[in-house]
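Reviewing the structure listed below.
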Amino acid sequence: MAFDKNYYKNEFERLLKLKGEAKFFIRKSSDSFKIKRFIKKGTDSFELANHIKDSGQGAKDYWTITICYYSMLYMAKAAILTKGYETDDHYSTQIALGHLLVPDKIEKEDLELLEQTHKIFEDDYIDYFEDARKESSVSRYSATKVYTERRVKEVFENARKFISKLRVIVE
């Protein structure tokens with residue numbers, strides 16, 4: 001989706017009011033102690049992704065992309081907490097990040113990096129389950145998505161840029 005500040009503002013306000021049985025989407029929070037936890041989870045996840053990427057085993061490329069996305073998600077949650085809010089899911093995190101930090105602290109391109117990486121993760125996750133449903137039981141349990149080296153490097157670099165930018169904001 002193209003960045004539209006008004007869309008993010010309106011969606012933020014809607015999600016802030018919306019409450020489920022066990023879900024809150026976006027809420028005000030003074031739990032600043034969680035910021036350091038999210039930073040640690042984000043940086044540790046990125047280090048793990050780097051290790052997996054450097055292992056040279058292409059079958060693990062799917063995990064590199066997934067872990068890169070989660071490292072970005074944790075850093076985004078830390079940045080959102082610095083603004084006094086907490087999120088409960090991926091979509092709410094993107095909306096809160098767009099509303100609370102763009103364009104004040106991060107650029108539109110940084111939000112797009114997170115969205116792009118989540119889209120890669122989401123599309124392949126759905127493809128995996130669709131393939132599993134269609135294939136025989138053997139392929140269902142042994143099928144893995146293999147990424148090209150170029151795509152893994154692209155996602156890894158997006159995550160590196162995003163995390164570097166958000167670390168400056170939250171630390």
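What about GLY56, is it assigned to a loop (DSSP other than H, G, I, E, B) and on the phi > 0 side of the Ramachandran plot? So GLY56 passes the test.
A quick yes/no check of all residues on (1) under 19 Å from the mean Cα position of the chain (by Cα); (2) touching a residue at least 12 places away in the same chain (Cβ under 8 Å):
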| site | (1), (2) |
| --- | --- |
| GLU13 | no, no |
| PHE25 | yes, yes |
| SER29 | no, yes |
| PHE33 | no, no |
| SER45 | yes, yes |
| ALA49 | yes, yes |
| SER55 | no, no |
| TYR70 | yes, yes |
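Of the residues making up the range 86-98, those that are modelled with pLDDT under 90, more than 9 Å from the chain's Cα centre (by Cα) and buried (at least 16 other Cβ atoms within 10 Å of the Cβ) are ILE95, LEU97, GLY98.
The values are calculated or read from the model by the stated rules, or taken from the named source; none is laboratory data. It should be emphasised that the depicted structure is a prediction, and the values quoted were computed from it without experimental measurement. Ideal geometry is used to build each Cβ from the backbone, glycine not excepted, and the neighbour counts take in all protein chains shown.
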